Amino acid sequence: MSKPTLVLLHGVGLDHTMWEPAAVLLSDRFTVLTPDLPGHGTRPPARDGITLAELADDIAATVPPGAHLVGFSLGALVAQHLALHHPGRAATLTSVSSVCRRTPQERAAVLARLRTAETDVGASAAASLERWYAGTGVGPERVARTEAVLRANDPGSFLACYRVFATADAELAPRLGEITLPALAVTGEDDPGSTPAMTHRLAAALPDCRAVIVPRARHMLPVQRPRAFADALTHFIGERAHV
């Protein structure tokens, strides 16, 4: 009997390697696919002005019918767009460390981070690592690997994709209620950017969604707390999709 398929979509400036700690825990039960988003990893640089729709349409071909779709941060927005505009392709939708309906203050904060990236990509990478990993206990080797991926990005491509991350939740917000897939929204209790409040907003906006807040976890939940992430995902899919 074939295993159900998980498609895991990474965040902005990252690549498929961010899923390694969690994929090890999930691969006994699922066929795990971890494609790189356009402009990331081994993919060609993204064009200036790329849109959420272009990111989602590009990745749609990697989502087999009936797969369980999981997106992290920017990948969560891509997954939500796929669920909205490619109905019937995925069986479930999981949004990990996702933003949702940013308040004016939250939007100002992410736009300030974007301006930092536009003027000093190195400073932006350092600030991201601090925000994601400070006090988490994640080992220095894993942090160094994340740093290497961030610093290897084509600057223009990274900025183009970061602009999508900074703005696309507003584009999605009016239509979240149309996504009828069984859904899970999960984030870390201590995530300063994709906050528990945002996760609860997302769960309230989607017609069939539960929220899970993982204690003592920051933004890089699948890296910092892979077992807690894998357990939440496996429980949700097992309960809602009977696999």
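Comparing R131, R225, R43 in a Gaussian network model of the chain where C-alpha atoms under 10 Å apart are linked, the largest mean-square fluctuation is found at R43.
Under 5 Å from the amide H of L37 lie the amide H atoms of H10, each residue being 5 or more positions distant or on a separate chain, with H modelled from the backbone and absent for Pro and chain starts. Shape call for segment 108-221 from the C-alpha gyration tensor, a ≥ b ≥ c root eigenvalues: rounded (a/c under 1.5), prolate (a/b greater than b/c) or oblate? Taking the square roots of the gyration eigenvalues as a ≥ b ≥ c, segment 108-221 is oblate. The amide H of S98, built 1.01 Å from its N in the peptide plane, has S73, V186 as neighbours under 5 Å, considering only residues 5 or more places off or on other chains. The packing ranking, built from the mean of other Cβ atoms within 10 Å per residue, places the peptides 228-234, 147-153 in the order 228-234, 147-153, highest first. 3J(HN,Hα) couplings calculated from phi for segment 151-159 with the Karplus curve 6.51 cos²θ - 1.76 cosθ + 1.60 (θ = phi - 60°) are, in sequence order, 6, 7, 5, 5, x, x, 5, 4, 5 Hz; Gly and Pro show x.
A Förster radius of 30 Å combined with the Cβ-Cβ distance from V24 to E147 puts the calculated FRET efficiency at roughly 0.90. E106 contributes an accessible area of around 40 Å² to the protein surface, as traced by a 1.4 Å probe with all chains present.
The accessible surface of segment 126-243, taken with every protein chain in place and a 1.4 Å probe, is 54 percent carbon and sulfur.
Taking amide H as placed 1.01 Å from N in the peptide plane, A91 has its amide H under 5 Å from the amide H of G66, A67, H68, L69, each at least 5 places away in sequence or on another chain. What the Cα convex hull of segment 1-77 gives, in volume per residue, is 89 Å³. The accessible area of H235, taken with all protein chains in place and a 1.4 Å probe, comes to roughly 110 Å².
A full extension of the chain between R216 and D57 corresponds to an added length of 53.8 nm, given 0.36 nm per residue minus the alpha carbon distance.
Above 21 Å lies some portion of the pair distances; for the chain, what is it as a whole percent of all C-alpha pairs? In whole percent, the long-distance tail amounts to 52. Highest mean packing first, where packing is the average number of other Cβ atoms within 10 Å per residue, the peptides 33-41, 202-210 line up as 33-41, 202-210. With K and R counted +1 and D and E -1, the other residues having a Cβ less than 13 Å from that of D169 yield a net charge of +4.
Can you give the FRET efficiency to the nearest 0.05 for R131 and S2, using r as the Cβ-Cβ distance and R₀ = 35 Å? About 0.35, to the nearest 0.05. Annotation for A173 and A204: the two label points, set 7 Å from Cα along the Cα-Cβ direction, are 1.3 nm apart. Pair-distance distribution P(r) for segment 1-142, from all Cα-Cα distances in 10 Å bins starting at 0: 10, 37, 37, 15, 1, 0 percent. Placing +1 on the Cβ of every Lys and Arg and -1 on the Cβ of every Asp and Glu, with no other charges, gives segment 62-168 a dipole of roughly 280 debye about its Cα centre. Solvent exposure of the chain amounts to 40 Å² per residue of accessible area, where only protein heavy atoms count and the probe is 1.4 Å.
The values are calculated or read from the model by the stated rules, or taken from the named source; none is laboratory data. Owing to the predicted nature of the structure, the values given are computational and were not obtained by experimental measurement. Positions of Cβ are backbone-derived with ideal geometry, glycine not excepted, and every protein chain shown enters the neighbour counts. Just so you know, the surface numbers come from the protein's heavy atoms only, side chains and all, with ligands and any DNA or RNA stripped out. Shrake-Rupley method; radii C 1.70, N 1.55, O 1.52, S 1.80 Å.
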